[in-house]
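Below is one structure; the comments refer to it alone.
The values are calculated or read from the model by the stated rules, or taken from the named source; none is laboratory data. In this text the structure is predicted, and so the values were computed from the model without any measurement. Surface accessibility is based on the protein's heavy atoms, side chains included, excluding ligands, DNA and RNA. Shrake-Rupley method; radii C 1.70, N 1.55, O 1.52, S 1.80 Å.
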Amino acid sequence: MEALDKQLCAAFSIWHDHQPLALGIEKSLFCFIAAHHISASKRVVQKLLKRHTSTQTYQKNILRHARRYELDGSPAGEISQLDKDHAQRQTDVAHST
């Protein structure tokens, strides 16, 4: 999982900078994994995505941005108010502990 995270950071500024990811980004991740002959199970990818999107930096970027992005940096839809509300709750919880 750590090796995959490092490869994604090196390959994509969106990943490195914890920008809001497109919904369904798993498909793009699996394409990257296949194209680079990386060994990573579905479980590893899901676990990495959960860890990545749970960080405070990612949650704060959800609050700051209006758009989600594909790995290549292209826009991929708006961030919903529901997602912003969730990010705000996660940020509030982190600050209260």
- [ ] Please quote Rg/Rh for segment 1-45 to two decimal places, taking the Kirkwood radius as Rh and restricting both calculations to Cα atoms.
- [x] 0.92
Open item on the list: Taking just the alpha-carbon atoms of the chain, what radius of gyration and Dmax come out, in angstrom?
Closed with: 13.6, 42
- [ ] Please work out the average accessible area per residue across the chain, using the 1.4 Å probe convention, and give it in Å².
- [x] 62
- [ ] For the chain, with all protein chains present and a 1.4 Å probe, just round the carbon and sulfur fraction of the accessible area to a whole percent.
- [x] 54
Open item on the list: Give me, ordered by chain and number, the residues 5 or more places off Tyr69 or on other chains with an amide H under 5 Å from its own placed amide H.
Closed with: Leu21, Ala22, Ala76
Open item on the list: Per residue of segment 25-36, what does 6.51 cos²θ - 1.76 cosθ + 1.60 with θ = phi - 60° give for ³J(HN,Hα)? Whole Hz please, x for Gly and Pro, Karplus curve as stated.
Closed with: 4, 3, 4, 5, 5, 5, 5, 4, 4, 5, 5, 9
